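What follows is a set of notes on a single structure, which appears directly below.
The values are calculated or read from the model by the stated rules, or taken from the named source; none is laboratory data. Computed from a predicted structure; not experimentally measured. Neighbour counts are summed over all protein chains in view; Cβ atoms, including those assigned to glycine, are modelled from backbone coordinates with ideal geometry.
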Amino acid sequence: MPKNMHSLRLNRLLPPCLIDRSDYKTIDWEKDGKTILRKISMIERCLPVKSVIDFGGMWEVDGLYSRVCSERFRIARVTMVDKYVSENWMRNPSVRNGIDFRRGDFSDDEFMSTLEEPYDLALAYDVLPHQMDLMHTLNLMLSKTRKFFLISQPILPDKTMPFRNSLVLLSGSKAYSLIPFREKWAEETGYWANFSDATITDTSHWLWGMTPSFIESIMKSSGWEPVYEEFWRGWLPKSSKWRICGLIFKKR
Ligand SMILES: C[S@@+](CC[C@H](N)C(=O)[O-])C[C@H]1O[C@@H](n2cnc3c(N)ncnc32)[C@H](O)[C@@H]1O
């Protein structure tokens, strides 16, 4: 997309008079602007809705998608769940505007039972690849969602994998050629070594690689139909293997 088109879209979806982009110091707008725009326009496709839950909306974005839901799209009930709280979130009240933040683990049944009323729309943006018990956690997330479930994350395109419906645990040397971040972090002390030696309980150093067909199958089996999909390159360094997906599912 040409640069001025990009900033026009950014201004339309994130009007500077409503949301000051300089509030989000950890966001690299140059690198991630395109992905951020796509994630926001997926939300726009589901409007009007009255409530939204943003699962894992904190790291590096400090609740930006929740705030857009509240201030730009005027969604009345906006809840964000994350087990992590950023410094900026604590320090800067404007990033918290209109958001009901619940600190907790959305893979935990007890915590999830504290969320009473379900939501029209759920965001699962870059969170599923990190869930140890993926199916259990996804079912918990779906149980809190009434109409639309949005997934955006790195995926392994079906054509690059030997089978459809693939789910691969990426950790250790056997997954070497698939691990997406090696080039990016190889220079950082110990990162690659940690990734290679990760144990199954160390979710900061492994992730699930999924094909879109896998995501579609598990969603369909839980009663959710795909209504929209798009794929883009994003910033992923191993771009011959990976794409970023934007998938919208609607409850049957
Ligand atoms: C990679 S970041 C994604 C941030 C944002 N959603 C985005 O699209 O850029 C993952 C976030 O999800 C949170 N997270 C992952 N699993 C979680 C869980 N089971 N319960 C609560 N938070 C979780 C992490 O703390 C982190 O803030």
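Touching a Leu at 6+ places or on another chain (Cβ under 8 Å), farther than 22 Å from T137 by Cβ and surrounded by 14 or more Cβ atoms within 10 Å (Cβ to Cβ): does that describe I53? Considered against the rule, which asks whether it is touching a Leu at 6+ places or on another chain (Cβ under 8 Å), farther than 22 Å from T137 by Cβ and surrounded by 14 or more Cβ atoms within 10 Å (Cβ to Cβ), I53 comes out as no. Within the stretch 2-38, the set of residues being among the charged types (D, E, K, R), at pLDDT 90 or above and away from the ligand (no atom under 16 Å from the Cβ) comprises R12, D20. Scanning the stretch 119-134 for residues that are part of a loop (DSSP other than H, G, I, E, B) and in contact (Cβ under 8 Å) with a residue 40 or more places away in the chain yields D126, V127, Q131, M132. Residue count for the stretch 92-106 under the criterion of being crowded, with 21+ Cβ neighbours inside 10 Å and within 8 Å of the ligand (Cβ to nearest atom): the result is 1. Filtered by the rule that a residue be under 20 Å from E30 (Cα atoms) and not in a strand (DSSP E or B), the stretch 203-241 gives R233, G234, W235, L236, P237, K238, S239.
Sort through R103, R91, R164, R96 and tell me the only one that's within 16 Å of C69 (Cα to Cα) and not acidic (D, E). Walk me through how you get there before you give the answer.
Details: R103 fails: within 16 Å of C69 (Cα to Cα); R91 fails: within 16 Å of C69 (Cα to Cα); R164 fails: within 16 Å of C69 (Cα to Cα).
Result of the check over R103, R91, R164, R96: R96.
Applying the set (1) over 16 Å from G57 (Cβ atoms); (2) within 13 Å of the ligand (Cβ to nearest atom) to S113 leaves exactly one unmet item: (2).
Of the residues examined, G223 is not one that is within 25 Å of D32 (Cα to Cα), small (G, A, S) and at pLDDT 70 or above. If you check T114, T26, which single one turns out to be without any contact (Cβ under 8 Å) to a residue 40 or more places away in the chain, loosely packed, with under 14 Cβ neighbours inside 10 Å and not in a helix (DSSP H, G or I)? Among T114, T26, only T114 is without any contact (Cβ under 8 Å) to a residue 40 or more places away in the chain, loosely packed, with under 14 Cβ neighbours inside 10 Å and not in a helix (DSSP H, G or I).
Restricting the stretch 1-23 to residues that are touching a residue at least 40 places away in the same chain (Cβ under 8 Å) and more than 16 Å from S152 (Cβ to Cβ) leaves a set whose member that is surrounded by the most Cβ atoms within 10 Å (Cβ to Cβ) is L14. Filtered by the rule that a residue be part of a strand (DSSP E or B) and either away from the ligand (no atom under 13 Å from the Cβ) or surrounded by fewer than 22 Cβ atoms within 10 Å (Cβ to Cβ) (or both), the stretch 56-81 gives R77, V78, T79. When restricted to residues that are farther than 12 Å from N97 by Cα and either over 19 Å from the mean Cα position of the chain (by Cα) or modelled with pLDDT under 95 (or both), the stretch 60-73 contains 1. For K50, the conditions (1) under 15 Å from the mean Cα position of the chain (by Cα); (2) under 18 Å from L150 (Cα atoms) are fulfilled apart from (1).
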